[in-house]
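So the structure is just underneath, and the comments pick up after that.
Every read-out reported here was derived from the displayed coordinates using simple, explicitly stated rules and does not represent laboratory data. Quantities reported herein were computed from a predicted structural model and do not represent experimental measurements. Backbone-built Cβ (ideal geometry, glycine too); neighbour counts: all protein chains shown.
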Amino acid sequence: MKQLLSQLKTFDGKHAEPLERLAADTPATKANIQKLLALAEHEQESIRVGATWVLKRWADDGQEYEPAVVAMLIERLRDEDTWAAKLHLLQMLVECDLPKASCRSLATRAKNLAASENKFLRAWATSVAVQVAEQHAAYRPTACKLVEKARSDSAASVKARVRQLEKKHAWLRESA
């Protein structure tokens, strides 16, 4: 853990090169995933952002997270206050199999974040709400309401995300 922490400390919060090296040089083992999840709770903002960035990079590179890890990502999203770390978590969760036991809290958090001032959080929170609804149909009415609201969002990034969601999910097109 000390080695990962020292590598994350080289991240200045802006330039991703140290995180790129860390993600490339560190194997995505169960132990390293657990260490990064622990570091995602660090008191220092740049450490949390860096840890979630590496976890996201691994996910982008094909790492599939087991249900217990996904539940921890959802829990982390609930407690996180840094927009960049929240964004990384949302971007990972949109690709995960979501444990049914966590869906209520995740759907609530996604709904709240879909009203964020940050356009990227609004876009990705809407995507997570749709992912919850895709896997658990009981959440579809709420997801449809969020998508309807996002359709009229002033941010192009939010509207673009809605278009992508509608292409992927026929049930969203039917609700339009």
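Annotations
- Here's the picture: a label point sits 7 Å out from the Cα of residue 3 along the beta-carbon direction, and within region 38-58 nothing has its amide nitrogen under 11 Å of it.
- Extension gain, residue 119 to residue 100, is 4.1 nm, computed as 0.36 nm per intervening residue step minus the present C-alpha separation.
- Pairs from 2/86; 9/145; 30/159; 111/168; 56/167; 86/168 whose Cα-Cα separation, in the structure shown, is over 29 Å: 9/145; 30/159
- Sparsely packed GluC sites (Glu not before Pro) within region 97-176, loop by DSSP, other Cβ within 10 Å at most 15: 117
- Shape box of region 32-107 [Cα atoms, principal axes, largest first, Å]: 31, 25, 18
- Here region 101-158 has an Rg and Dmax of 10.5, 34 Å, counting Cα atoms alone.
- Compactness ratio for the chain: Cα radius of gyration over 2.2 N^0.38 Å (N = residue count) comes to 1.03.
- For residue 156 and residue 64, the difference between the fully extended length at 0.36 nm per residue and the C-alpha to C-alpha distance is 30.1 nm.
- Each part gets one Cα centre, and for region 31-85 versus region 131-145 those centres are 24 Å apart.
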